[in-house]
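Bear in mind that the values in this text are calculations on the coordinates, not laboratory data. Bear in mind that the values here come from a model prediction, so they are computed numbers and not experimental data. Cβ coordinates were reconstructed from backbone atoms using ideal geometry, including for glycine residues, and neighbour counts include every protein chain displayed.
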Amino acid sequence: MNIGELKSVANDIVAKPKGLLAADESGPTIKKRFDSIKVESTEESRRRYRELLFTTEGIERYISGVILYDETLRQSSSDGTPFSNLLSSRGIIPGIKVDKGAKALALYSGDKITEGLDGLRDRLAEYRQLGARFAKWRAVIEVDEHDVPSAYAIRANAHALARYAALCQEAGLTPIVEPEVLMDGTHDIGRCEVVTSRVLEQVFAELDAHRVLFEGMLLKPNMVIAGKKCTNQASSQQVAEATVRCLMRYVPAAVPGIVFLSGGQSPEDATDHLNAMNAMGSHPWQLSFSYGRALQEPVLEAWKGQESNVPTAQQAFFKRCRLNGLAREGTYNSAMETTDSSA
Ligand code: 13P
């Protein structure tokens, strides 16, 4: 295992003011996104959309890497350049989602377990050949106000994340470890903090047991936040304080960075929350972003599948990249949503 490379990829991904674009939607998920703008999901429409994102001028100032889906890593831009080469030539590191999705956990009603470990060693070797330098595996932790998640579901998901991360490091790919406590539902921020704490504690115990090098990985967690249907929504400051408190308790300082998922927050909230955390001062790890929906929602809205809308859609994308870059420095404010003239 090339420890130097694992560490340098991790550190390059979270170099200020940059973060990740998660463009690794699976076939069914991208179809859902395209349905919302009435665009048919075909191999070509998906390729064209991803090309729009990857060729946006100037994003390399704020985007250090892109998480791709298997199909996308094998696709090329209109002039025939493989996407992984296109990204690398702009100084953007290509990465790959390697899990095979979350399924119901047998005999544990309400809980999920992520599949994809069988054959993973061979798939990682191929992905590295295709140009990927980091990988992602997402564990989905359902949450209600009572018995979900079970302690067993947390353990099983933490174990799978650690097996994945160890295989990645063996293969020379920097693992992004993503335990996502969902923000669906009615639970409050306190419940989210309790569940996220239990999850992170277990995840780092398993990573340690599997001999994963903390310096050569990144954590991709949810923020500590109230469920979408909770009547008592927390303020930005409360989200920032609860999230940092939880991370301080359970994430070793050896981990170079934390790249949050957006999880269904609005693009503005996701930026504002990241900004509030970075404005609190310096932390043991870099606090950055690895957003899917929070970077792409305005882009899809502007694009609507029309070639003539590409420039406007790219402007919308650049704007979100830039504002999240400012949030990394703690210098964003919500007035920039309307006044940001560089967008
Ligand atoms: P969201 O930011 O839309 O939650 O997506 C991030 C991601 O990669 C989920 O696995």
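General remarks:
- Neighbour net charge for residue 65 - beta-carbon separation under 13 angstrom, K R +1, D E -1: +3
- Each of 277, 256, 222 was scored by the projection of its Cα onto the charge dipole of the stretch 208-296, and the greatest displacement toward the positive side belongs to 222; charges sit on the C-beta of Lys, Arg, Asp and Glu.
- Cα gyration tensor category, rounded, prolate or oblate, for the stretch 140-281 with a/c compared to 1.5: oblate
- Most mobile listed residue (140, 39, 251) in the chain, GNM with C-alpha springs under 10 Å: 39
- Cα Rg, Dmax (largest Cα-Cα span) when computed across the stretch 21-149, Å: 16.6, 54
- Using the alpha carbons alone, the radius of gyration of the chain stands to its Kirkwood radius in an Rg to Rh ratio of 0.94.
- GNM result for the chain, Cα springs below 10 Å: residue of 114, 231, 196 fluctuating most strongly: 231
- Shape category assigned to the stretch 279-341 from the gyration tensor of Cα positions, a/c cut at 1.5: prolate
- Bridge orientation summary for the stretch 26-116: considering DSSP beta bridges with both residues in this region, about 50 percent are antiparallel.
- For the chain, built as a Gaussian network whose Cα springs stay under 10 Å, the top-fluctuating residue of 246, 321, 168: 246
- Each Cα pair under 8 Å and six or more residues apart adds its sequence gap; the mean of these over the residue count of the stretch 211-343 is a relative contact order of 24 percent.
- For the stretch 111-150 and the stretch 240-281, distance of Cα centres in Å: 21 Å
- Restricting attention to the chain, close to 10% of DSSP beta bridges with both partner residues there are antiparallel.
- Which listed pairs, of 32/228; 16/100; 103/136, have C-alpha distances above 28 Å, in listed order: 16/100
- Dipole check for the stretch 162-228: with +1 at the C-beta of Lys and Arg, -1 at the C-beta of Asp and Glu, and the Cα centre as origin, the magnitude is about 80 Debye.
- The stretch 1-48 - charge dipole about Cα centre, Lys and Arg +1 at Cβ, Asp and Glu -1, debye rounded to 20: 200 debye
- Considering only alpha-carbon pairs that sit under 8 angstrom and 6 or more positions apart, the relative contact order computed for the chain is 19 percent.
- Among 194, 296, 95 the positive-end extreme of the charge dipole of the chain (Cβ point charges): 95
- Euclidean distance of C-alpha centroids, the stretch 284-343 and the stretch 26-57, integer Å: 17 Å
- Close amide H contacts of residue 226 (hydrogens built in the peptide plane, cut-off under 5 Å, sequence separation of 5 or more or a different chain): 189, 234.
- Relative to the Cα centre, the charge distribution of the chain, modelled as +1 at Lys and Arg Cβ and -1 at Asp and Glu Cβ, gives a dipole magnitude of about 380 debye.
- Fewest-first ranking of 236, 78, using other Cβ atoms within 10 Å as the exposure measure: 78, 236
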